[in-house]
Amino acid sequence: MGPHEPFRGVFPVLLTPIGDDGEVIEEDLARQVEFSVEAGAHGLVYPVLGSEFQFLTDTERRRGMEIAVKTVAGRIPVVGGVAAPSRQVAVECAKAAADTGVDAVIALPPYISFGNRDENRAYYEDVAAAAGRPMFIQHTSAGMDARFLQELLREVEHIRYLKEEMQPSAHQISAVLAGIGDDCDGVFGGGHGRWMLSELHRGAHGFMPATEAVDVHVQVWEAWQRGDEAEARRIYRHLLQLINLILSMGLPVCKTLLVRRGIFTSAAMRTPGTGALDAGDERELDMILEDLRPLFRV
């Protein structure tokens, strides 16, 4: 693939809609894509941790990327998730993602048993080569230090971006950006946007929350880009209660809110052992929704 304009802004992670029968609801997935575009997303990501990618079949992962690419129809970039437990499996995932026409790829390092430095480097070199397009490293808990991440960004062809979620993520972003210059096209934040403002202060180029309030995340981004930090903080305060509930109860909160917004027809999870929201959680979500609703664009 040829040169591209550097990715900037809010690239939400699509959740995987699951029916009561445990199967993927493809119509809901396509509707979520369209909703995200209409809400002002600058790009989309699928399938990664927020998509329950570890619990999807290879066919489901590929089909989901195909649906995203087809529904987006070139309006915004699509970043395909290609992480796997080993280098060999991730290479196959990267080839499959490239065949769907995604604009870029993203991968955690080996995520069941962490690799050492040499293993992680070989993993990223081979996956990036197999994808043949701009690549994000997603860093959550593997303990890859800033110097090693800088090396990958500087030295490995196609690795141009980092999604940094290793806590404290804001400190990690500062450390990686220090002296990296043109060897990196962008560092994005994650973690449901909980450190979004601090990360913006430190030079973050974008964010990958989930989709349930993407129109609100976009308004934080837009206010910041206008130089209006006070407005960015005002809008962000409305998100904090939602972020807190998500950090407590996980992805069922995101899926339930998508049901409330008419995007999903089911809040079921594929992940085994996931706890459901109880009546108290549902009431809390009611109150959060009342506060957020004036900021919704779709």
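Here's the yes/no breakdown for (1) farther than 26 Å from residue 225 by Cβ; (2) modelled with pLDDT under 95:
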| site | (1), (2) |
| --- | --- |
| 4 | no, yes |
| 19 | yes, no |
| 38 | no, no |
| 46 | no, no |
| 51 | yes, no |
| 64 | yes, no |
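From the list 173, 246, 180, exactly one residue is surrounded by fewer than 20 Cβ atoms within 10 Å (Cβ to Cβ) and either among the β-branched types (Val, Ile, Thr) or within 18 Å of the chain's Cα centre (by Cα) (or both). Which is it?
One residue alone meets the criteria, 180.
Note down all Cβ pairs under 8 Å where the first residue falls in the range 88-106 and is without any contact (Cβ under 8 Å) to a residue 60 or more places away in the chain and on the phi < 0 side of the Ramachandran plot, the second is of a type in the set (Gly, Ala, Ser) and surrounded by fewer than 19 Cβ atoms within 10 Å (Cβ to Cβ), and they're at least six residues apart or on different chains.
Short answer, once both residue conditions are applied: 98/132; 105/98.
Could you look through the range 112-141, keep only residues that are within 14 Å of residue 90 (Cα to Cα) and within 16 Å of the chain's Cα centre (by Cα), and pick out the one that is modelled with the lowest pLDDT?
Looking at the filtered set, the residue picked out is 138.
Looking only at residues in the range 5-20 that are more than 22 Å from residue 261 (Cα to Cα) and of a type in the set (D, E, K, R), which one is surrounded by the fewest Cβ atoms within 10 Å (Cβ to Cβ)?
5
Only residues that are more than 24 Å from residue 204 (Cβ to Cβ) and assigned to a loop (DSSP other than H, G, I, E, B): list them for the range 108-156, please.
Listed by number, the residues that qualify are 110, 112, 113, 114, 115, 116, 132.
Can you find even one residue in the range 257-276 that is surrounded by 17 or more Cβ atoms within 10 Å (Cβ to Cβ), hydrophobic (A, V, I, L, M, F, W, C), under 22 Å from residue 53 (Cα atoms) and touching a strand residue (DSSP E or B) at 6+ places or on another chain (Cβ under 8 Å)?
yes
Filter the range 45-67 down to the residues that are hydrophobic (A, V, I, L, M, F, W, C) and out of contact with any Leu (no Cβ under 6 Å at 6 or more places or on another chain), then identify the one that is farthest from residue 255 (Cα to Cα).
Residue satisfying both the conditions and the ranking: 65.
With the requirement that a residue be under 30 Å from residue 200 (Cβ atoms) and in contact with a helix residue (DSSP H, G or I) (Cβ under 6 Å, 6 or more places away or on another chain), what does the range 16-33 give you?
16, 29, 33
Might you check whether a residue that is assigned to a helix (DSSP H, G or I), among the acidic types (Asp, Glu) and farther than 29 Å from residue 272 by Cβ occurs anywhere in the range 184-194?
No - not one qualifying residue is present in the range 184-194.
Among the numbered conditions (1) surrounded by fewer than 19 Cβ atoms within 10 Å (Cβ to Cβ); (2) closer than 17 Å to residue 97 by Cβ; (3) in contact (Cβ under 8 Å) with a residue 12 or more places away in the chain, tell me where residue 59 comes up short.
Result: residue 59 passes all but (3).
Consider only pairs whose beta carbons are under 7 Å apart and that are at least six residues apart or on different chains; among these, list those whose first residue lies in the range 21-33 and is part of a loop (DSSP other than H, G, I, E, B) and whose second residue is of a type in the set (Lys, Arg).
Listed by first residue and then by second, the contacts come to 22/270.
Against the conditions (1) in contact with a strand residue (DSSP E or B) (Cβ under 8 Å, 6 or more places away or on another chain); (2) without any contact (Cβ under 8 Å) to a residue 24 or more places away in the chain, where does residue 49 fall short? Just the number, please.
The one condition residue 49 does not meet is (2).
The values are calculated or read from the model by the stated rules, or taken from the named source; none is laboratory data. None of these values were measured; they are calculated from a predicted model. Note that each Cβ is placed from the backbone with ideal geometry, even for glycine, and that neighbours are counted across all protein chains shown.
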